[in-house]
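Step one of this worksheet: look at the structure below.
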Amino acid sequence: MVISEFANVSIKLDYNLWKKNEVKQVSFETDLDYKRAYRKTERYHDTVASICAAINQILALCEKCTDNFNALNIQSILSHFMDIDFNDSYYIELCRHSSFKFVTDDKDFMNTPNDNIILGDF
């Protein structure tokens, strides 16, 4: 899930930059839809290649592990979901269950005291 979020945030960031640049180049806003326009561009393909390279570098430094979803406390995840994103709530429970440390600069985690979360300004 972390790799998925990294990839999605990275590609959406580039899409927003591309879209902003494209709007400046034309005198009217054209259809700059993510799937119909951006994903067909060479820029998209170059960005995906860069993201894939970054993912491979990240994975080389990480230990891949199962999340043992069946052992997680779903009610705990759902209770945190009242205050933070579902994925963030999921990470909290996964870290609690597996004694992982989660390092993030996501300010949403400020609302969820947990010893497994290391909040920084990266």
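Mind listing whichever residues of the range 1-17 are aliphatic (A, V, I, L, M), within 17 Å of Cys65 (Cα to Cα) and exposed (fewer than 14 other Cβ atoms within 10 Å of the Cβ)?
Our first condition is that a residue be aliphatic (A, V, I, L, M); within the range 1-17, this holds for 1-3, 7, 9, 11, 13, 17.
Still in the list and also within 17 Å of Cys65 (Cα to Cα): 1-3.
Across the range 1-17, the qualifying residues are Met1, Val2.
Out of all the residues in the range 40-55, is one or more in a helix (DSSP H, G or I), touching a Ser or Thr at 6+ places or on another chain (Cβ under 6 Å) and either of a type in the set (Lys, Arg) or under 23 Å from Asp14 (Cβ atoms) (or both)?
Taking every residue of the range 40-55 in turn, at least one turns out to be in a helix (DSSP H, G or I), touching a Ser or Thr at 6+ places or on another chain (Cβ under 6 Å) and either of a type in the set (Lys, Arg) or under 23 Å from Asp14 (Cβ atoms) (or both).
Residues are listed down the side, and each one gets a yes or a no for (1) hydrophobic (A, V, I, L, M, F, W, C); (2) more than 15 Å from the chain's Cα centre (by Cα); (3) at pLDDT below 75:
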site	(1), (2), (3)
Ile84	yes, no, no
Asn87	no, no, no
Tyr90	no, no, no
Phe102	yes, no, no
Asp115	no, yes, yes
Ile118	yes, yes, yes
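Considering only the range 56-72, I want to know if a residue exists there that is among the basic types (Lys, Arg) and either surrounded by 11 or more Cβ atoms within 10 Å (Cβ to Cβ) or in a helix (DSSP H, G or I) (or both).
First pass over the range 56-72, keeping only residues among the basic types (Lys, Arg): 64.
Then drop every residue that is not either surrounded by 11 or more Cβ atoms within 10 Å (Cβ to Cβ) or in a helix (DSSP H, G or I) (or both), which leaves none.
Among the residues of the range 56-72, not one is among the basic types (Lys, Arg) and either surrounded by 11 or more Cβ atoms within 10 Å (Cβ to Cβ) or in a helix (DSSP H, G or I) (or both), which makes the answer no.
Check Ser89, Ser99, Ser10 and return the single one that is on the phi > 0 side of the Ramachandran plot and of a type outside the set (Phe, Trp, Tyr).
Details: Ser89 fails: on the phi > 0 side of the Ramachandran plot; Ser10 fails: on the phi > 0 side of the Ramachandran plot.
Just a single option satisfies the conditions, and that option is Ser99.
Can you find a residue that is over 18 Å from Ile117 (Cα atoms), surrounded by fewer than 13 Cβ atoms within 10 Å (Cβ to Cβ) and at pLDDT below 90 anywhere in the range 43-55?
The answer is no; no qualifying residue exists.
The values are calculated or read from the model by the stated rules, or taken from the named source; none is laboratory data. Values in this document were obtained by computation on a predicted structure and should not be read as measured data. Please note: Cβ atoms are built from the backbone with ideal geometry, for glycine as well, and neighbour counts cover all protein chains shown.
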